[in-house]
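Shown next, in structure tokens, is the structure this report addresses.
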């Protein structure tokens, strides 16, 4: 656990007080910190899709290793075993700025060719520094958020999947490749189960803000993410069945109880809640 604490002390926060959106995929959690002030129209457009559940049960439909993975355009309907288009609203005016380049870990809006103001629901995550390309075509692709915590490990895992041409999709990442002649099903796709706005300053408890940050930064210790918060005696806590671990707060301190420390036989004091809250807040939680 000492290694964990040291890793946090070396963590460089990416944003301050941003709106954080959680993409819960079948391969893990991707948290993105929105650039609320820098790209307000684009952020508002994205949140409109999030808040009406348009991205729930969507899937990553394009993967080009070393370039981007892309989603936000299609959902999978289990009831009819069919791909559906995400219903789109009016396009949003382009907000590209050279101060928000398409570098690794940034999230930008997809657009139609030669139509700078055509972004609707589609988005992509940059796998590399694509600024020389994407900053200089089609009016520039608007970066509106950045992956936080350990989310890029999940993004890279998606990018590492086989991505053959399937139907209308030229590079569809597949968790499993169906046998020849068999159709792709939902279990083969990289499904984004839910996309939700995490409670932020003023709307979530201090404990929940720290728990949300820890889930994104240290999934190797506490999974799956977004577990319910409970209380017991003096503790406010979350239990993570995937790793058999708890994180909890009590009397202004933060604790871990799980197999990474003495096989879960006693809690490990991680430090004060105030210290961890400051780290979480700087990271946008």
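The values are calculated or read from the model by the stated rules, or taken from the named source; none is laboratory data. This is a predicted model, so every value here is computed, not measured. All Cβ positions, even for glycine, are placed from backbone atoms using ideal geometry, and neighbour counts span all protein chains on display.
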_Selection within segment 122-151 - outside any strand (DSSP E or B), over 22 Å from residue 56 (Cβ atoms) and either touching a residue at least 40 places away in the same chain (Cβ under 8 Å) or under 20 Å from the mean Cα position of the chain (by Cα) (or both)_ = 127, 128, 129, 130, 139, 140, 141, 142, 150
_Can you list residue pairs whose Cβ atoms sit under 6 Å apart, with the first residue in segment 153-181 being within 23 Å of residue 106 (Cβ to Cβ) and the second being part of a helix (DSSP H, G or I)? Count only pairs 6 or more apart in sequence or on different chains._
173/158
*asked:* Please list, ordered by residue number, the strands (runs of 3 or more DSSP E) wholly in segment 199-285 having 3 or more residues that are outside the structural domain of residue 148 (by TED's automatic domain parsing) and either within 30 Å of residue 47 (Cβ to Cβ) or modelled with pLDDT under 90 (or both).
replied: 229-232, 235-240
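Taking into account only those residues within segment 71-91 that are assigned to a loop (DSSP other than H, G, I, E, B) and surrounded by 16 or more Cβ atoms within 10 Å (Cβ to Cβ), which is farthest from the chain's Cα centre (by Cα)? So that I can check it myself, show each step before the final result.
To start, the set of residues in segment 71-91 that are assigned to a loop (DSSP other than H, G, I, E, B) comprises 72-73, 78-81, 86-91.
Checking the rest, the ones that are also surrounded by 16 or more Cβ atoms within 10 Å (Cβ to Cβ) come to 72-73, 86, 91.
Working: 72: 13, 73: 16, 86: 19, 91: 23 Å.
Selected residue: 91.
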*Hey, among the residues in segment 92-102 that are in contact with a helix residue (DSSP H, G or I) (Cβ under 8 Å, 6 or more places away or on another chain) and outside any strand (DSSP E or B), which one's nearest to residue 114 (Cα to Cα)?*
93
*asked:* Looking at (1) outside any strand (DSSP E or B); (2) within 15 Å of residue 35 (Cβ to Cβ), which one does residue 116 not meet, given that it meets all the others?
replied: (2)
*Right, residue 186: over 30 Å from residue 18 (Cβ atoms) and loosely packed, with under 14 Cβ neighbours inside 10 Å or not?*
no
*Single unsatisfied condition, residue 103 versus (1) surrounded by fewer than 20 Cβ atoms within 10 Å (Cβ to Cβ); (2) within 19 Å of residue 35 (Cα to Cα); (3) over 19 Å from the mean Cα position of the chain (by Cα)*: (3)
